[in-house]
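Where a number appears in this text, it was derived from the coordinates with a stated rule and is not lab data. In this text the structure is predicted, and so the values were computed from the model without any measurement. Neighbour counts run over all protein chains shown; Cβ positions are idealised from the backbone, glycine included.
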Amino acid sequence: MLYSVHEATYYATVPLRAAARITREFWRSALNPAAETQLGKTLFAAADLFSNVTRRYGKPDWKLDTISIEGQSVGVTHSVVWASPWCKMLHFRRDPADMARLGRPAKSPPVLIVAPLSGHYATLLRGTVEGFLQDHEVYITDWVNAREVPMLQGRFDFHDYIDHVRSMLTHLGTRAHVVAVCQPGPPVLAAVALMAEDADPCRPASMTFMGSPIDARLSPTVTNKLAEDRPFAWFKSNMIYTVPAPYAGMMRRVYPGFVQLYSFMSMNQERHQEAHEKYFKDLVAGDGDEAEKHLEFYDEYLSVLDLTEEFYLQTIDYVFQAYALPKGELMHRGRLVRPDQITDIALMTVEGAKDDISGVGQTQAAHALCTAIGEDMRQLYVHPDVGHYGVFNGRRFREDIYPRVRDMIAKAQAAQV
């Protein structure tokens, strides 16, 4: 019912958004002599703010046509190299001619970045991809919005996620490197453990976990406590809704992205209110640069996707309530997941001391589970000045975190030769 109400509200405000757009264009027009007055700027700002707050935010573009390597521009293209109804694996390819001009090798170690399936699109990791493109062939999981997947395609649950990760690593066909950002930590570690136990030749050469809830019992955050304090039945009764028409996935039961977005925004309500107030003032003052930064951030932040009921509820159960992986109780297709079977895969964990989503200790718990990995193949890093998003995006990621991950990957890659 809530999903239908949400959609009805969106369509009901179409006339208001149309009026706001007309008002915005009227007061921005160079032909309007009052456009530069205080009243004109205020009315323009009010109309623009209303239009942006109430509009629908679709999947963002990657905007990675070029990157800078050693101060030189390098062309980038991306293509789908593996796909299922639920996910596309994208390959970001640097222009060979540009790389040759820099004296870089034609091929670099392949890295699979497993993006979170927790509300936002994989484009949230644009900065992560750009960082790894400095030295690697980059692949990333581009998860599909569950409301766009027809019911005929069946279910997608936690175990399917594990199978998808394994299938993508198998598709790469070499001892690639895998990086799990936030939510994917437990299923990625499970996939790697299964591949290691099977002596799969396509098992990765290294695995990196960044801000991941490997053991959510440690340093619990507000998000962890919510999942722990509420009974499982509460999540099923209050967080799951049915996709309405005209979406391709109509009748599918999902955890809607807009519900998760509301949850995230309510945790920092004052910060978001202040950001929009500042945006309004910047428009009135004519500060286009600051206003553009605001739009760039919220174009990404407000773009969300739905999760299937089964995946969401199993994640709540396995990761945040039963703690199945760290307790040694996680079963996958009738098999016990055993991280202690991993012996020849390098391990690195990255955390932010100011992370309010995955507290310090939750990610590095992977070291306690992977007991058979030698000390010379491990690295644990906690950045003192970053929060959750700073672990995989921004200046400190580029300058402090990525170089450490790069060096670990290079060491693991050299060990394979």
Length gained, D299-T242, 0.36 nm per residue minus C-alpha separation, equals 18.0 nm
With springs only between Cα atoms under 10 Å, which of T315, T371, T128 fluctuates most in a Gaussian network model of the chain?
T371
Treat each spin label as a single point 7 Å out from the Cα along the C-beta direction, and report the R404 to A353 distance in nm.
1.1
For a quick check, take a GNM of the chain with Cα springs below 10 Å and name the residue from V254, V76, V138 with the largest mean-square fluctuation.
V76
For segment 47-191, build the charge dipole from Cβ charges (+1 Lys, Arg; -1 Asp, Glu) around the Cα centre, then report which of G173, T66, G119 sits farthest towards its positive end.
G173
When Lys and Arg each count +1 and Asp and Glu each count -1, what net charge do the other residues less than 10 Å away from Q362, Cβ to Cβ, add up to?
-2
Could you bin all the Cα-Cα distances of segment 275-390 into 10 Å bins starting at 0 and give me the percent of pairs in each, rounded to whole numbers?
11, 24, 30, 18, 11, 5, 0
Could you list V81, V14 in order of exposure, starting from the residue whose Cβ has the fewest other Cβ atoms within 10 Å?
V14, V81
Which lysines have a Cα lying under 20 Å from the Cα of K63, excluding residues fewer than 8 positions away in the same chain?
K88, K293
For segment 286-349, what mean projected area does the convex hull of the alpha carbons give, in nm²?
8.1
Please list, in order, the residues from segment 46-61 whose amide nitrogen is less than 16 Å from a point placed 7 Å along the Cα→Cβ vector of F26.
46-51
Length gained, S79-M251, 0.36 nm per residue minus C-alpha separation, equals 58.8 nm
For S212, what residues show an amide H to amide H distance below 5 Å, using hydrogens built from the backbone and excluding near sequence neighbours?
C182, T363
The chain - charge dipole about Cα centre, Lys and Arg +1 at Cβ, Asp and Glu -1, debye rounded to 20
560
GNM on the chain, C-alpha springs below 10 Å: top fluctuator among P184, P403, P105?
P105
Where GluC sites (Glu not before Pro) fall in DSSP loop in segment 317-417, at most 13 other Cβ within 10 Å
E329
Neighbour-count ranking for S51, S263, S79 (other C-beta within 10 angstrom, fewest to most) reads S79, S263, S51
Checking the a/c ratio against 1.5 first, then a/b against b/c, what shape does the Cα gyration tensor give for segment 1-131?
oblate
21 Å Cα-Cα reach of K107 towards lysines, excluding residues that sit fewer than 8 places from it in its own chain:
K411
Residue order, fewest to most beta carbons within 10 Å, for R56, R217, R335:
R56, R335, R217
Please compute the net charge surrounding S84, taking Lys and Arg as +1 and Asp and Glu as -1 over other residues with Cβ under 14 Å from its Cβ.
-2
Could you state the angle between the C-alpha long axis of helix 185-197 and the longest principal axis of the C-alpha atoms of the chain, as a value from 0 to 90 degrees rounded to the nearest 10?
20
Which ³J(HN,Hα) values, rounded to whole Hz and listed in residue order, are derived for segment 58-74 from phi using the Karplus coefficients 6.51, -1.76 and 1.60 in 6.51 cos²θ - 1.76 cosθ + 1.60 with θ = phi - 60°, glycine and proline given as x?
x, 5, x, 7, 6, 6, 10, 7, 9, 9, 9, 10, 6, x, 10, 7, 10
Working from Cα positions, state the angle (0 to 90°, nearest 10) between the long axis of helix 38-54 and the longest principal axis of the chain.
40
Long-range Cα-Cα pairs in the chain (distance over 31 Å), rounded percent
43
By the scheme Lys and Arg +1, Asp and Glu -1, what is the net charge of all other residues having a beta-carbon under 12 Å from that of R396?
+1
Relative compactness, segment 155-225, computed as alpha-carbon Rg over 2.2 N^0.38 Å:
1.18
Segment 236-302 versus segment 58-86: alpha-carbon centroid distance in Å
24
